1. Please compute the contact order of the range 15-152 in relative form: average sequence separation of alpha-carbon pairs under 8 Å and at least six residues apart, divided by the residue count, as a percent.
2. Search the structure for amide H atoms under 5 Å from the amide H of G45, placed 1.01 Å from N in the peptide plane, and list their residues when 5 or more places away or on another chain.
3. Per the Kirkwood treatment, what hydrodynamic radius in Å, one decimal, follows for the range 15-152 from the mean inverse distance over all distinct Cα pairs?
Amino acid sequence: MLMRQDMQSTRNIGLPRLVLISAFRVSMLWDLLTTFLGSLLILNGIHFIAIGLSLVGTLIAGAFNFSTRSIWGSGRIKQREIYLLRLAWVMAVLFDFWTSFICNVTYVALGRFELGRPAAWDFMMRLTWDQHLIVLVITLFTVMSPMMVGVIRKRNPDFLA
């Protein structure tokens, strides 16, 4: 019974939408992980405060990123409040991008992930131009993923058909 219901909901959703939303969800998980680990790298250590700041920063950035449609859509919020909310959104997305970028650069430069090492500019100098491009593109796509999940989940299932 449950399998039949899942099959029917898959048919109603459409294969292109299902593939796209699944890809964005997996990418969203990678974004959360790289934001958390990138924060730890920037804070240079694994201790209670670094873990707490990284966790809170990751959750806030993820929540703002996921709520992009609500924040930037037309709302009934007072203008002052919406400007403050949008400013916080910009800061959260920049935080998300920078921490994810640092994590990806560090991993590609070292070929492994080591916490407790300072996130140094020399890691960026170790990468080739092609590696920089790949890290930049992957980071951009992963940072966009929570936004896209937030947008697609509310859409008509046939918008990609």
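All of the numbers you see were taken from the coordinates with simple rules; none came from a lab. All figures in this text were calculated on a predicted structure; none of them were measured in a lab.
1. So the answer I get is 41 percent.
2. Long-range HN contacts for G45: G116.
3. 15.8
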